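A short write-up of the structure that comes next.
The values are calculated or read from the model by the stated rules, or taken from the named source; none is laboratory data. Keep in mind it's a predicted model, so treat the numbers as computed, not measured. Here the Cβ is made from the backbone with ideal geometry for all residues, glycine too, and neighbour counts use every protein chain on show. The area values use the complete protein model at the heavy-atom level, side chains included, leaving out ligands, DNA and RNA. Shrake-Rupley method; radii C 1.70, N 1.55, O 1.52, S 1.80 Å.
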Amino acid sequence: MEEKGEASQPTEEMAELVAVPNGGPAPDYGGGLTFSVVMSCLVAASGGLIFGYDIGISGGVSEMEPFLKRFFPHVLKRMAEAKKGDSYCIYDSQALAAFTSSLYVAGLVASLVASRVTRALGRQAVMLMGGAFFFAGAALTGAAVNISMLIIGRMLLGLGVGFTNQATPLFLAEMAPPRWRGALTCGIQFFLTLGILIANIINYFTARVSWGWRVSLGLAGTPAVVILAGALFLTDTPSSLMMRGQADRARSVLLRARGGLSEGVDAELKEISCTVKAALESEEGAFRRMTTRRGYRPYLVFAVALPVFTQLTGVIVLSFFSPLVFRTVGFGSDAALMGAIILGAVNMASLLVTTLVIDRYGRKVLFMIGGAQMVICQVAIAWIMGTQLGKSSESAMARPYAVAVLVFTCLHSAGFGVSWGPLFWVVPSEIFPVDIRSLGQAVNMAICLGLDFVQTQSFLAMLCRFRYATFAYYAAWVAVMTAFVALLLPETKGVPLESMPMVWTQHWFWKRFVVQDEGKRADAET
C-alpha cells in the first residue's frame, strides 16, 4: 500500500506537515493501516452491534402478535378494528412505546456516569462494563413473563448501550492514524447497521412461531458476548494511558499501532503528552469551562447540535418502527418485516460507500449530499401518504404506492447512511480537545439517548395525530441542519486530534470566539 511505503520513511521530530482544510499546517506523524490498528478498531467498533441489534429487534418484536397478546392486548384489538378506523393510530400506545423508549432513560444516565469512569479506568474497562450490562438485559427480556421484567431488562440494556457508546468512539478516534480516522470511526455505524440487519432477519423468521419473540429478545446476548470477548484482548489508547500516568505502556501501544516507527511515534507521543499534561492541569471544572468559557463555545454548540439534528433526521424512529410504518401503508406482517430487512441492507450498502470516500472527500460534502437526498425522500413520502391515505386513512393504499413508500424510505435511509449516520460518530469523536473529550462525548451521547427516549415515546402518537405531515416535519428539519453544517462545521479530514484547535481558529465564524479567548488567557497569565 502507498501509505505503508510512506510510513516506512523516517520523519523529522514533528513529522512532515499536511494541509489543514481551512488553511495552515498540521503535523502528520506517519503510520499506515497496521494489523494492530485494524483489529483493535474492528473489535471496538463491534460495540455498535449492541445498539444496532436493539434498534432492529424492538420494532419487529412490537409487531409480532404473540408478543402483543401477552403484553399489549389492547394494540391487538385495535389492529382487528383497523378496517373500521384510522390505520395511522393502530399502534398509538404509550405502554408499547415505553417498551422501546425505557432503554434510553437508563442509557442517558449511563452516558453521564461513564464520562468519569472512562477518565478513571480507561476506554477498555467501560466497554467491558457495557457488554456485561447488555448481556444481563438480554437474558431478562428474553425470559420476561410480565411488563415489569420487560422494562427492567430494557433498562439494563440501556446501561450497556450508554457505556459502550461512550467509550467506543473515543477509542477509535484515539487509535486511528489521522488519514484513516474517518473510515475507522465509521466502523461503529457499520456494525450498528449490521446489527439492525441481523435483527430484522431474525425477526422475519421468529415471527412465524408463537415463542419467537423470546428468541429475538434473548439473542441480544450474542452481540454482548462479542464485545465482552473482544474487549478482553484490547489494550487501552495511548491518550487514555497517558491520562492515567502510564507513559511507558502508552509508548508501547502507540509503537505497535503505528508499525514500529520510533521517530514518528516519539513525535506523536510528545504531542499527546503535552495535550494530556495541559488537560490534567485543568482537569477540574471541565463542564464549567465548556459551558461558560467563550473559547469553548464551538464545542458546546456541536455537542448539543449534532445529536439533536441526528435525531431530527427521522431515521432513528423509522429504524425502530419501520415494520409498523409499512403495516400502516398496507403491507402484511411478513411483507412489513421483509421491508425492514431491505431497509437495513440499503443502509449497509450506503455505509460501505461512505467508508470508502469519507477520508478522500471529507465530512462536509457527505453532509450536503445526504441532506439533500433525505429532504427529497421525506417530502415524497409525505405526499404519497397524504394523497393515498389522507387524514383518516380509512381507505387502503394501492400496492404500487405502498411500494413507492418503501423505495423512498430506503433512499432516505441511504442518504442517512452517507451522512448523519456515520458522521454522528466521526465528528464528535474528533472535534473535542483532550481536556473535555470524554465530557464532550458524554454530553453528546446523553443528549442523543435522551432524545431517543423522547422520539420513540412520542413517534407513534405523532404518527396518529400528524399523520402524513410527520414526514414533512422531519424534511423541514433536515433542510435546517444541512444549512447549519454548510455554514458552521469546519472540515476535519486528515487533521491529527492534537492539532484540531487550529481548525477552529481558522474558521470564518468560530475564530472570533477561540482566538479572542486564547488572547484573554495569555494576557491573564502574563
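The trypsin sites (Lys or Arg not before Pro) found in region 343-447 that occupy coil by DSSP, while having at most 13 further C-beta atoms within 10 Å, are Lys391. When the solvent-accessible area of region 343-492 is split by element, carbon and sulfur atoms take up 75 percent of it, the probe being 1.4 Å. The simple Förster model, with R0 at 41 Å and r as the Cβ-Cβ distance, assigns Thr291 and Glu65 a FRET efficiency of 0.25.
Let me check I've understood the local charge: for Gly182, count other residues with C-beta under 13 angstrom from its C-beta, Lys and Arg +1, Asp and Glu -1. What total comes out? It works out to a net charge of +3.
With the simple model of a label 7 Å out from the Cα in the direction of the Cβ, Ile147 to Asp248 spans 5.9 nm. Annotation: per residue accessible area for region 456-508 equals 35 Å², rounded to a whole number [probe 1.4 Å, protein chains only].
Averaging the Cα positions of each part gives two centres, and for region 107-127 and region 462-483 these lie 34 Å apart. In terms of its alpha-carbon gyration tensor, region 344-461 comes out oblate; a/c meets the 1.5 threshold, while b/c is at least as large as a/b. Calculated accessible area for region 165-205 comes out at 19 Å² per residue, all protein chains present (probe 1.4 Å; ligands, DNA, RNA ignored).
With unit charges on the beta carbons (Lys and Arg positive, Asp and Glu negative) and the dipole taken about the Cα centre of region 338-446, which residue among Ala446, Thr409, Leu352 sits farthest to the positive side? Going by the charge dipole, the pick is Thr409. Couplings for region 200-213, taken from phi via the Karplus curve 6.51 cos²θ - 1.76 cosθ + 1.60 with θ = phi - 60°, read 5, 5, 4, 4, 4, 8, 6, 5, 7, 10, 5, 9, x, 4 Hz in order; Gly and Pro are left as x. The residues Phe326, Phe35, Phe287, sorted by heavy-atom accessible surface at 1.4 Å with ligands and nucleic acids left out, run Phe35, Phe287, Phe326 from largest to smallest. Note on Phe509 and Ala120: the model spin-label points, each 7 Å out from Cα along the C-beta direction, lie 3.8 nm apart. Loop-located chymotrypsin sites (Phe, Trp or Tyr not before Pro) in region 145-232 (DSSP state not H, G, I, E or B) with no more than 12 neighbouring Cβ atoms inside 10 Å: Trp211.
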